[in-house]
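Taken together, the values in this text are just the output of simple stated rules run on the coordinates, not laboratory data. What you see is a predicted model, and the numbers here were worked out from it, not measured in a lab. Heads up, the Cβs are rebuilt from the backbone with ideal geometry, glycines too, and the neighbour counts pull from every protein chain shown.
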Amino acid sequence: MDVELCSSGRSALELLSGTTPYDVMIVDNDLPGLGGLELVVRVRTMDHRRNMKIIMLSDDQVEREAWRAGVHDFMKKPEDIQRLPSKIIRLRQDTKPRGGKRS
């Protein structure tokens with residue numbers, strides 16, 4: 001698994017504006033500059049990111065807003081963090097075409 005880290009919502013938005021393919025985006029709602037909810041909303045307007053899987057982590061009470069913004073999963077921190085690897089695996093499997101081959 002390859003992972004790219006961004007220290008702010010703006011740097012993540014810049015990275016996602018490019019053409020590098022990503023299977024899953026994990027975003028914390030509490031990001032400097034551009035918050036996680038706003039990042040998700042903006043990513044969902046990008047044609048090439050429309051189907052990218054998104055998991056939001058937050059200790060804030062923003063779950064309802066996260067679902068409306070377009071996340072595929074919402075996890076409370078810190079109590080749900082141990083389930084993150086299995087969530088990533090499940091979402092990545094959901095992106096594979098039938099027959100198990102990736103396009």
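Data table
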{"read-out": "Charge tally in the Cβ shell below 13 Å around Pro32, where Lys, Arg are +1 and Asp, Glu are -1, Pro32 excluded", "value": "-2"}
{"read-out": "Label-point separation, Met1 to Lys77 (7 Å along Cα→Cβ), nm", "value": "1.6 nm"}
{"read-out": "Partner aspartates and glutamates for Lys77 [C-alpha distance under 14 Å; skip if fewer than 8 residues away on the same chain]", "value": "Asp28, Asp30, Asp59, Asp60, Glu63"}
{"read-out": "Point-to-point label distance, Glu38-Arg92, nm (Cα→Cβ direction, 7 Å offset)", "value": "3.1 nm"}
{"read-out": "Relative contact order for the chain, counting Cα pairs under 8 Å that sit 6 or more residues apart, in percent", "value": "23 percent"}
